[in-house]
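The values are calculated or read from the model by the stated rules, or taken from the named source; none is laboratory data. Given the structure is predicted, the values throughout are model-derived calculations rather than measurements. Remember, those area values only see protein heavy atoms, side chains included, never the ligands or the DNA or RNA. Shrake-Rupley method; radii C 1.70, N 1.55, O 1.52, S 1.80 Å.
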Amino acid sequence: MSIDCAARNRIAAAMQTATAPRRASAYAPSNIALSKYWGKRDQARNLPLNSSLSISLAEWGSHTEIVPAEDGADRVWLNGAALDAETPFAAKALRFADLFRAGRDAPLHIRTRNTIPTAAGLASSASGFAALTRALVSAFGLELSERDMSLIARLGSGSAARSLWHGFVRWDRGTAPDGGDSLAAPLDVHWPAFRIAIVAVDTGPKSMTSRDGMNHTVATSPLFATWPQTAEADCAAIETAVRAQDLPKLGALAEANALAMHATMLAARPALSYLKPESWAVLERLWRARAEGLQAFATMDAGANVKLIFEQTDSADVLAAFPQAEIIAPFSVQN
Ligand code: DP6
């Protein structure tokens, strides 16, 4: 994990005043991209090839607690279970904590609890690294802006850069080679009627992590060449639709953007398909319902589950078409 130059200087300056770590805890919501991040221009720094825009999932996220280790040993717990230091989550979390320890001897206990129902089949790395960033900043008493926290969270997982806030969040790809301008910021949009539903299709582990999936796509898919430009234009148009609170426009763009991302993967060599027959069945059902007037649209990530976006007035019709849908009201909470 390499940290950007300008941020490193700011963090180093903040570290000058850092105290020995103390107990601290933080929460961060998970998020779903309406305009996807897919492809990196720098793998070590998680610098994206295109900007992206997401909606946070309110109470679905990660609570993380940092406790100075009295037993002198780093330890990590996930949902109450002690993890072996070698498990990928524990190893990544401790490596991330090293950014803050900056060489000092400060053994830590890290406890993370995800409130995302396992049955929802959603990844928790975005909320996990955002909550870990907030908790570490607070544990070390650092004076860092939320912009810097977004930039640091990005080093854990790209999508974590967008999980520092509730509501709609846009991650600007930035242009600086060191990534100092590749960070997210919340949009000043309050849209209480906006809804997102998770239609769980497959809750088992995914065939390939999003990190490996995007790297494989960038390296081998002939369709990827057009993606960065399309995605950047989609992100701008999606931001306009979000600001106008224009659900039909936003929905059509978000659905097209997600399908274009999956098309790049299908053209990878060998092909990569996160979508399962049941995902397509959900899409077919959605398209039929839409032909009959339902204003709901789909987006899918590096997994088989389908997420629907719509407005509160259509909640009953969405549930009638998709009884297993879990509906989230993103604006039921505030930053
Ligand atoms: C399809 O943020 O998980 O969900 O930066 O390698 O950790 P890394 O990838 P990650 O990728 C998310 C991909 C996506 C789209 C999105 O959330 O924008």
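Accessible surface calculations at 1.4 Å, restricted to protein heavy atoms, place the chain at 41 Å² per residue.
Of the whole protein surface, T209 contributes about 70 Å² of accessible area at a 1.4 Å probe radius. When the chain is modelled as a GNM with alpha-carbon springs shorter than 10 Å, which of A185, A244, A258 fluctuates the most? The residue that fluctuates most here is A244.
Using heavy-atom solvent-accessible surface (probe 1.4 Å) with all chains present, what is the largest-first order of W60, W287, W227?
Most to least solvent-accessible, the answer reads W287, W60, W227.
Taking the protein heavy atoms of the chain in the context of the full set of protein chains, the accessible area attributed to carbon and sulfur is 53 percent at 1.4 Å. In this structure M300 has an accessible area near 0 Å², from a 1.4 Å probe over the protein heavy atoms.
Would you rank D246, D234 by solvent-accessible area, highest first, keeping every protein chain in place and using a 1.4 Å probe? Can you show the working numbers first?
Details: D246 50, D234 25 Å².
These residues rank, largest area first, as D246, D234.
Computed from Cα atoms, the angle from the helix 88-101 axis to the main principal axis of the chain rounds to 50 degrees. Size of region 177-335 from its Cα atoms: along the principal axes, largest to smallest, the extents are 43, 39, 27 Å. Couplings 3J(HN,Hα) of region 205-210, computed from phi: x, 6, 5, 8, 5, 5 Hz, in residue order, whole Hz [Karplus 6.51 cos²θ - 1.76 cosθ + 1.60, θ = phi - 60°; x for Gly and Pro]. Residue-wise HN-Hα couplings along region 74-85, as the Karplus relation 6.51 cos²θ - 1.76 cosθ + 1.60 with θ = phi - 60° gives them from phi, are 5, 9, 10, 10, 10, 6, x, 9, 5, 9, 5, 4 Hz; Gly and Pro carry x. For the chain, the alpha carbon convex hull comes to 125 Å³ per residue, rounded to a whole number.
For the chain, the longest principal axis of the C-alpha atoms and the axis of helix 247-266 are separated by about 70°. What number, in percent, do you get for the relative contact order of region 123-200 if the mean sequence gap of Cα pairs under 8 Å and at least 6 apart is divided by its residue count? Worked out over region 123-200, it gives 26 percent. Accessible surface of R45, taken over heavy atoms with a 1.4 Å probe and every protein chain present, rounds to 60 Å².
Taken over the Cα atoms of region 144-189, the convex hull encloses 69 Å³ per residue.
For region 196-235, the normalised intensity computed at q = 0.23, 0.27, 0.31 Å⁻¹ comes to -0.88, -0.90, -0.96 (log10 of I(q)/I(0), Debye sum over alpha carbons, equal scatterers, no solvent).
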